[in-house]
Amino acid sequence: MKYLIGIPYTNRPDLLYLAVNSIKVFWPQAILIDNSKNYDLRYDKQMSPEIPVYEPPVPLTFSQTMNLLQRMALERQCQVLLFMHNDAEAHPGTPEAFLAVLQELQVSGRKWGIALTNYDTLAAFNMEAVMNVGIWDTVLPQYFADIDYYRRMRLAGYEEVITDLGVTHHNNASSTIKSDSDRMFLHHITFPLYERYYETKWGGKIGEERFNTPFNR
């Protein structure tokens, strides 16, 4: 099974070290996406040189980063794309167990779209499903983007596999925003706007959606 695992980075290098060091089995297929303002990882001496770092021309949003990783996985002819939050830490044995689950899914013939651990702190996407479902909605740069994409996967008939494998999400999640006062300020302003967009797109709040196609078109 050919795969790629991507970890986007914006801030909190201390948490990134924990994430990277918890998935050493993935290192040969790993890539870091440096979305920091000043390309922090370019000057980082603690990060393993075994993991390549991609520097986009400008910092990308979460959705843009996921679209970039999809393109990278397609160009490398991967069957699976893995994604990990930079504030996550896999428990001992989880990466190996996750790989085993993915190998089994690939040979099982099941129509699976995404495999989750502790939600999507460490997740895997079936590239066959990705090619059918398409790219992430960049109107939703972060919050609601995941809910939107996973809904589209389910509507396309792809299974969501829950593994319950151990992964810690440090700082109760959202470390990128919590560690940057400017981002936190913008988050409080824009969150209701993205929430409203999601409701308009799917005809209701999360769990109360009425549309099976975006904007009921």
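The values are calculated or read from the model by the stated rules, or taken from the named source; none is laboratory data. Values in this document were obtained by computation on a predicted structure and should not be read as measured data. Cβ atoms come from the backbone with ideal geometry, glycine included; neighbour counts cover every protein chain shown.
Summary table below
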item: Among (1) farther than 19 Å from residue 121 by Cβ; (2) outside any loop (DSSP other than H, G, I, E, B); (3) in contact with a strand residue (DSSP E or B) (Cβ under 7 Å, 6 or more places away or on another chain) - the single one residue 65 does not satisfy; result: (1)
item: Subset of segment 100-131 [in contact with a Phe, Trp or Tyr (Cβ under 8 Å, 6 or more places away or on another chain) and either polar (S, T, N, Q) or not in a strand (DSSP E or B) (or both)]; result: 102, 105, 111, 117, 126, 129
item: Given (1) among the polar types (S, T, N, Q); (2) within 28 Å of residue 179 (Cβ to Cβ); (3) surrounded by fewer than 16 Cβ atoms within 10 Å (Cβ to Cβ), number of the condition residue 117 does not satisfy; result: (3)
item: When residues of segment 14-43 are limited to those that are farther than 23 Å from residue 166 by Cβ and assigned to a helix (DSSP H, G or I), the one farthest from the chain's Cα centre (by Cα); result: 43
item: Residue 75 within 24 Å of residue 138 (Cα to Cα), charged (D, E, K, R), surrounded by fewer than 19 Cβ atoms within 10 Å (Cβ to Cβ) and modelled with pLDDT of 95 or more; result: yes
item: Leading residue by the ranking (nearest to residue 89 (Cα to Cα)) among those in segment 139-161 that are in a loop (DSSP other than H, G, I, E, B) and aliphatic (A, V, I, L, M); result: 140
item: Unique match (being β-branched (Val, Ile, Thr), surrounded by fewer than 18 Cβ atoms within 10 Å (Cβ to Cβ) and at pLDDT 95 or above) among 167, 101, 130; result: 101
item: Qualifying residue in segment 44-61 (condition: under 14 Å from the mean Cα position of the chain (by Cα), surrounded by 14 or more Cβ atoms within 10 Å (Cβ to Cβ) and free of Cβ contacts under 8 Å to residues at least 60 places away in the same chain); result: yes
item: Residue ID - farthest from residue 150 (Cα to Cα), chosen from residues in segment 62-75 that are hydrophobic (A, V, I, L, M, F, W, C) and under 10 Å from the mean Cα position of the chain (by Cα); result: 69
item: Among the residues listed as 115, 145, the single one being within 20 Å of residue 9 (Cα to Cα) and within 15 Å of the chain's Cα centre (by Cα); result: 145
item: Residue match in segment 76-88 (condition: closer than 27 Å to residue 165 by Cα, part of a helix (DSSP H, G or I) and under 16 Å from the mean Cα position of the chain (by Cα)); result: no
item: In segment 152-164, the residues that are within 16 Å of the chain's Cα centre (by Cα), among the charged types (D, E, K, R) and surrounded by fewer than 20 Cβ atoms within 10 Å (Cβ to Cβ); result: 160
item: Residues being in a helix (DSSP H, G or I) and at positive phi - total across segment 162-217; result: 4
